[in-house]
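Structure first, then comments.
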There are 2 protein chains.
Amino acid sequence: MQKLVECVPNFSEGRSTSVINNIANAAKKIKGVRVLDVEWDKSHNRSLITIVGAPEPVLKAAFAMIKTATASIDMRKHKGEHPRIGATDVVPFIPVSGTTIQECVVLSNKLARRVAEELNIPVYMYEASAKRKDRVNLADVRKGEYEGLKEEIRTNSERKPDYGPSRMHSTAGAIVIGARKYLVAYNVNLDTKDVEIARKIAGKIREKGGGLPGVKALGFKVGGYAQVSMNLVDFEKTNFDEAYRAIEKEAAKFKVKIRNSEIYGMIPLAALTRAAKNSFKIEGFKSDLILEKRLYGN
Amino acid sequence: MQKLVECVPNFSEGRSTSVINNIANAAKKIKGVRVLDVEWDKSHNRSLITIVGAPEPVLKAAFAMIKTATASIDMRKHKGEHPRIGATDVVPFIPVSGTTIQECVVLSNKLARRVAEELNIPVYMYEASAKRKDRVNLADVRKGEYEGLKEEIRTNSERKPDYGPSRMHSTAGAIVIGARKYLVAYNVNLDTKDVEIARKIAGKIREKGGGLPGVKALGFKVGGYAQVSMNLVDFEKTNFDEAYRAIEKEAAKFKVKIRNSEIYGMIPLAALTRAAKNSFKIEGFKSDLILEKRLYGN
């Protein structure tokens, strides 16, 4: 099976499309890497570029993008609503197919070392790559943002970066790099207008409330109807089909049915095969039995 | 989306692996075609080669295989348990992705014309490509087999081929070519040893018994347990998830539960996405939202 890794670097530029295109083009030049998506937000002044490919080409492409961003974004002049500490702000590696989170941790460390050595930018490791418990969460690493960290990185030993110098890069600031699992954004729309029911169900099924592992859930009103909006941060623990059934069961207690559901963005084939295998008790079913997968694999 | 067509020609050779390999190699030489599977049966003296690719390359590969089989199999000497009328016996084209059954009908006619003109072999069109109602079923076209048809093709106007001469090719006989939908082989194992229950459920859900469209079903005892064994000949009408739920419902009438289910061989990604979309009421979900598909499609 072909090894596939996704990487979604976030850059502190959401206004100049020529800068954003230059960064994306740096990835497009790398053989074996596909740029799947380029998104930007003017008020956040921030862009997201989604690339996929085999681990080594993705590593190369990520470095090439960071190098381009370093040359073209000046954090001393950057303003935007979204929290950030650097020109390249966050770089997550995500296992998609034939790869593990451990391999992505190794990959993220390789990138961090190269960024520190060749570009002289301080790097913090987060999520599965975090080297300290207080750096698992992105918000903790980004505390004080570019402006605050500029001072703290030099003076507070608790804020010492995992790679690179203990001072901000003059224009590019610092970078957060790490590995995390694939996030499935999944919403279930209820056949009721009572948003309280969605909130109660969300509270029941979310991991924090003692519900399903890896499920973050909130209740909203969308298009006049109640919606349970979820992030499934580990679909190997709780997949969308399991979330659907859990909500169906909780909703039944309020005599409410499910109208429909939505998957936001893309999902890995593995999530779909897991859902089918699980829901229809299919023995021995795996992604390789999908005709298209056999065609393109390896 | 990439257009993909499957083709599974059946050849009257199941003993000489060198002949079978030569035929498969003729397909492997065509750029853009992948040989997914080569199977043979000694007592049937018959082989099946599964190829997939874009329509035109698949057409080329099918012709190259037929040409090789024509040069290496002599029907005057062929003996085997399985019914057959030619060295290349049956050639079905199957839409897999981004293609329709109508496109496969066109493709099958192109191949038939080429076979008749360049190899001088009579061709009968069957299934969706049939030009007469009494040629839809393969069994009807193959009536009398090679030995019987040899006489009838010359004397009975009802057996006149759709393409090519009204006489058998001296060594290769005749060929049946056509287009059919993708067949999903799906078995559901019941939590009972009473095979009668499987037979009753099969009788209830099969199309012939007024059940689900495109479902052929039989009841068997497998590994000590009752099994409903199905061919789903049109998964766009009845997919495996719908068959599963129908069986679950019927089995409940006997107070019997489903142990597990099995998909035999490969399935197209579209069958899996349809099942997920249908079972979890997923709005707007399609194969293109599978990350791997986006990568390879173009």
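The values are calculated or read from the model by the stated rules, or taken from the named source; none is laboratory data. Values in this document were obtained by computation on a predicted structure and should not be read as measured data. A quick note on method: Cβ atoms are made from the backbone with ideal geometry, for glycine too, and the neighbour counts reach across all protein chains shown. Ligands, DNA and RNA are stripped out before the accessible areas are found, and what is left, the full protein with its side chains, is counted by its heavy atoms. Shrake-Rupley method; radii C 1.70, N 1.55, O 1.52, S 1.80 Å.
Above 20 Å lies some portion of the pair distances; for region A:145-298, what is it as a whole percent of all C-alpha pairs?
Tail fraction, whole percent: 61.
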Between region B:118-158 and region B:40-89, how far is it from one alpha carbon centroid to the other, in angstrom? 16 Å
How much length, in nm to one decimal, is gained on full extension between A:Lys257 and A:Glu39, taken as 0.36 nm per residue of separation minus their Cα-Cα distance? 75.0 nm
Using only the alpha carbon atoms of region A:112-219, find the Kirkwood hydrodynamic radius as the inverse mean reciprocal pair distance, in angstroms to one decimal. 16.3 Å
Between the label point of B:Lys28 and that of the same position in each other copy, find the distances and list them shortest first in nm, with every label point placed 7 Å from Cα along the Cα-to-C-beta direction. 3.8
For the pair B and A, total buried accessible area rounded to nearest 100 Å², probe 1.4 Å: 3900 Å²
Please report the base-10 log of the normalised intensity I(q)/I(0) for region A:154-195, using a Debye sum with one equal scatterer per alpha carbon and no solvent, at each q in 0.27, 0.28, 0.29 (1/Å). -1.02, -1.05, -1.08
Whole number in Å², please: accessible area per residue of chain A, 1.4 Å probe, ligands, DNA and RNA not counted. 44 Å²
B:Lys110, B:Lys193, A:Lys31, reordered so the largest accessible area comes first (probe 1.4 Å): A:Lys31, B:Lys193, B:Lys110
From other protein chains only, count the Cβ atoms within 10 Å of every residue's Cβ in B:270-283, then give the mean. 6
Using a basic spin-label model with each label point 7 Å from the Cα along Cα→Cβ, how many nm lie between B:Glu147 and B:Asp194? 4.6 nm
With 20 Å bins from 0: P(r) over the protein assembly as shown, alpha-carbon pairs, percent: 17, 40, 29, 12, 1, 0
Taking all protein chains in place and a 1.4 Å probe, what share, in percent, of the accessible surface of region A:67-145 do carbon and sulfur account for? 49 percent
Volume per residue of the C-alpha convex hull in chain B, rounded to whole Å³: 145 Å³
Modelled label reach - A:Gln2, point 7 Å along Cα→Cβ, region A:54-78 residues with backbone N closer than 18 Å: A:54-62
Contact order normalised by residue count of region B:1-155, Cα under 8 Å, 6+ apart, percent: 25 percent
Rounding to the nearest 10 and keeping the result within 0 to 90°, find how far the Cα-based axis of helix B:145-155 lies from the longest principal axis of chain B. 60 degrees
Average the reciprocal distances over every distinct pair of alpha-carbons in region B:100-143, invert the result, and give the Kirkwood radius in Å. 10.9 Å
Relative contact order, percent, of region A:112-209 when contacts are C-alpha pairs under 8 Å separated by at least 6 residues? 32 percent
If the reach is capped at under 25 angstrom between alpha carbons, list the lysines near A:Lys29, excluding any in the same chain fewer than eight residues apart. A:Lys3, A:Lys60, A:Lys67, A:Lys110, B:Lys293
Using θ = phi - 60° and the Karplus form 6.51 cos²θ - 1.76 cosθ + 1.60, what ³J(HN,Hα) does each residue of region B:226-243 get, whole Hz, x for Gly and Pro? 6, 10, 9, 9, 10, 10, 9, 8, 8, 5, 6, 9, 10, 9, 4, 5, 5, 4
Per residue, the convex hull volume that the Cα atoms of region B:61-121 enclose (Å³): 98 Å³
With each run of n ≥ 4 DSSP H residues scored as -39500 (n - 2.57), what mean residue ellipticity at 222 nm is computed for the protein assembly as shown after dividing by its residue count and rounding to the nearest 500 deg cm²/dmol? -10500 deg cm²/dmol
Mind giving me the FRET efficiency for B:Arg154 and B:Lys133? R0 is 30 Å, r the Cβ-Cβ distance, nearest 0.05 is fine. 0.80
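Around A:Ser261, with a cut-off of 13 angstrom between Cβ atoms, what is the net charge of the other residues, counting Lys and Arg +1 and Asp and Glu -1?
Numbers: positive: A:Arg245, A:Lys257, A:Arg259, B:Lys277, B:Lys281; negative: A:Asp191, A:Asp241, A:Glu242, A:Glu248, A:Glu262, B:Glu283.
Here the charged neighbours net out to -1.
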With just the Cα atoms defining each centre, how far is region A:1-26 from region A:173-198? Give it in Å. 22 Å
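With the alpha-carbon atoms as the only input, what is the per residue convex hull volume for region A:1-120 in Å³?
93 Å³
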Computed from the beta carbon distance with a Förster radius of 30 Å, FRET efficiency for B:Asp74 and B:Arg113 to the nearest 0.05 stands at 0.75
Between helix B:195-205 and chain B: long-axis angle, C-alpha atoms, 0 to 90°, nearest 10: 80 degrees
Between helix A:17-28 and chain A: long-axis angle, C-alpha atoms, 0 to 90°, nearest 10: 80 degrees
Mean separation of Cα pairs under 8 Å and 6+ residues apart, divided by the residue count of region A:138-295: what relative contact order is that in percent? 20 percent
